[in-house]
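Peer 1: For reference, the structure I am asking about is given below.
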Amino acid sequence: MMKKIGVISLFTAFLLGCSQQQSNMAHDEKAIHSVHHHWSYVGNEDPAHWGDLATDYQVCKLGKNQSPVDLSESIVTHSHSIKLRTAKTEVTLENNGHSIQVTPANTNNMLWIKQKPFVLQQFHFHTPSEHTFKQQHFPLEGHFVYQSEDGQLAVVAVFFNIGKANAVLTQLEQQTLSVGQKYSLTQAIDLAKLIPKNQKHLRLTGSLTTPPCTEGVNWIIMQQPIEASQTQIDWLAKIMGKNNRPLQPLNSRFIIQE
């Protein structure tokens, strides 16, 4: 029997330190941070205006299953529907004007949802976090974007608290990129260093947190934060600025704790 509870483990961790629709999702993922229709986090192109900037952005204001959301309550189940496989990979970094996006050179990093395979396409960061617990933000949130063969998207979200330096971020911060610049790391990074060892998680259906705000995205949100140093978080914040979308209504959705 399922019962509704506050996500105590997440709160404790916080104190200590996101048919046709599926076929279109591959295209929409390429449109993440698109400059075709310019958008921003400030001014007249900020999140409050995204839905009016272009016809294909209207779901940003009309959608009923938007992300991010507050994670204060969840429904507990005894199922475990996901499996993650991490592997070392060379990567390319890009400052796309909205975030630092990291693209792997191989397809060895995978996610399975109810045995359906998804391949890691890219990961990027938001400062402060986009999802919250009891309206409280973490200093940093990483989004690992996966895609299935039929174009469906899944995002694994990982929170960061301030603590010891993260080994992967140490590799990434060796290069400070201006907007539009790319850089390829020849030394492979170990994606396992960006995923908590305890993989208890929350799951819900949501959207991309950037235009075009496409819905139908599978969100897996890790409950256990990992650590990054204050210097590393400051480095990302200096490059990206405040790049978190405001919270969206949960509406009729449920947050599942696995």
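The values are calculated or read from the model by the stated rules, or taken from the named source; none is laboratory data. What you see is a predicted model, and the numbers here were worked out from it, not measured in a lab. When we count neighbours, we look across all protein chains shown, and the Cβ atoms used for this are built from the backbone with ideal geometry, even at glycine.
Peer 1: When you scan the stretch 213-224, do you find a residue that is closer than 30 Å to T55 by Cβ, among the hydroxyl-bearing types (S, T, Y) and in a strand (DSSP E or B), even just one?
Peer 2: Residues of the stretch 213-224 that are closer than 30 Å to T55 by Cβ, as a first pass: 213-219.
Remaining after also requiring among the hydroxyl-bearing types (S, T, Y): 214.
Now restrict to residues that are in a strand (DSSP E or B): none.
The answer is no, given that none of the residues of the stretch 213-224 is closer than 30 Å to T55 by Cβ, among the hydroxyl-bearing types (S, T, Y) and in a strand (DSSP E or B).
Peer 1: Can you say whether Q175 is in a loop (DSSP other than H, G, I, E, B), among the polar types (S, T, N, Q) and over 30 Å from P117 (Cα atoms), as far as the supplied structure shows? Outline the logic, then answer.
Peer 2: Values: in a loop (DSSP other than H, G, I, E, B): yes; among the polar types (S, T, N, Q): yes; over 30 Å from P117 (Cα atoms): yes.
The answer is yes for Q175.
Peer 1: Give the number of residues within the stretch 185-206 that are closer than 25 Å to G97 by Cβ and at pLDDT 95 or above.
Peer 2: 4
Peer 1: Of everything in the stretch 47-86, what is part of a loop (DSSP other than H, G, I, E, B) and either under 22 Å from P249 (Cα atoms) or at pLDDT 95 or above (or both)? Give them in sequence order. Step through it out loud before you land on a result.
Peer 2: Taking the stretch 47-86 first, the residues part of a loop (DSSP other than H, G, I, E, B) are 54, 58, 63-69, 71-72, 77-81, 86.
Once the filter is applied, which keeps residues that are part of a loop (DSSP other than H, G, I, E, B) and either under 22 Å from P249 (Cα atoms) or at pLDDT 95 or above (or both), the stretch 47-86 yields A54, Q58, G63, K64, N65, Q66, S67, P68, V69, L71, S72, T86.
Table: residues versus (1) of a type in the set (V, I, T); (2) loosely packed, with under 14 Cβ neighbours inside 10 Å.
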{"residue": "T55", "(1), (2)": "yes, yes"}
{"residue": "L62", "(1), (2)": "no, yes"}
{"residue": "Q66", "(1), (2)": "no, no"}
{"residue": "V69", "(1), (2)": "yes, no"}
{"residue": "H80", "(1), (2)": "no, yes"}
{"residue": "T89", "(1), (2)": "yes, no"}
{"residue": "V102", "(1), (2)": "yes, no"}
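Peer 1: Kindly provide the set of residues from the stretch 130-139 that are touching a Pro at 6+ places or on another chain (Cβ under 7 Å) and either under 15 Å from L71 (Cβ atoms) or of a type in the set (A, V, I, L, M, F, W, C) (or both), ordered by number.
Peer 2: Let us first name the residues in the stretch 130-139 that are touching a Pro at 6+ places or on another chain (Cβ under 7 Å), namely 130-131, 137-139.
E130, H131, H137, F138 - these are the residues of the stretch 130-139 that are touching a Pro at 6+ places or on another chain (Cβ under 7 Å) and either under 15 Å from L71 (Cβ atoms) or of a type in the set (A, V, I, L, M, F, W, C) (or both).
Peer 1: Sticking with this one: Going residue by residue through the stretch 125-134, is there one that turns out to be surrounded by fewer than 23 Cβ atoms within 10 Å (Cβ to Cβ), in contact with a His (Cβ under 8 Å, 6 or more places away or on another chain) and either part of a loop (DSSP other than H, G, I, E, B) or not polar (S, T, N, Q) (or both)?
Peer 2: For the stretch 125-134, residues surrounded by fewer than 23 Cβ atoms within 10 Å (Cβ to Cβ), in contact with a His (Cβ under 8 Å, 6 or more places away or on another chain) and either part of a loop (DSSP other than H, G, I, E, B) or not polar (S, T, N, Q) (or both): present.
Peer 1: Another question, then. Does F159 satisfy the condition of being under 25 Å from K83 (Cβ atoms), surrounded by 17 or more Cβ atoms within 10 Å (Cβ to Cβ) and touching a helix residue (DSSP H, G or I) at 6+ places or on another chain (Cβ under 9 Å)?
Peer 2: Values: under 25 Å from K83 (Cβ atoms): yes; surrounded by 17 or more Cβ atoms within 10 Å (Cβ to Cβ): yes; touching a helix residue (DSSP H, G or I) at 6+ places or on another chain (Cβ under 9 Å): yes.
Against the criterion (under 25 Å from K83 (Cβ atoms), surrounded by 17 or more Cβ atoms within 10 Å (Cβ to Cβ) and touching a helix residue (DSSP H, G or I) at 6+ places or on another chain (Cβ under 9 Å)), F159 qualifies.
Peer 1: Please specify each residue of the stretch 204-221 satisfying the condition of being out of contact with any Ser or Thr (no Cβ under 8 Å at 6 or more places or on another chain), within 25 Å of T77 (Cβ to Cβ) and buried (at least 23 other Cβ atoms within 10 Å of the Cβ).
Peer 2: Within the stretch 204-221, I220, I221 qualify.
Peer 1: Scan the stretch 137-150 and report the pairs whose first residue is closer than 14 Å to N218 by Cβ and whose second residue is not in a strand (DSSP E or B), with Cβ atoms within less than 7 Å and a gap of 6+ or a chain change.
Peer 2: H143/C18; V145/E29; Q147/A26; Q147/E29; D150/Q22
Peer 1: Now, a different point. If only one of P128, P104, P139 is under 14 Å from L194 (Cβ atoms) and not polar (S, T, N, Q), which one is it?
Peer 2: Values: P128 fails: under 14 Å from L194 (Cβ atoms); P139 fails: under 14 Å from L194 (Cβ atoms).
Sole residue among the options that is under 14 Å from L194 (Cβ atoms) and not polar (S, T, N, Q): P104.
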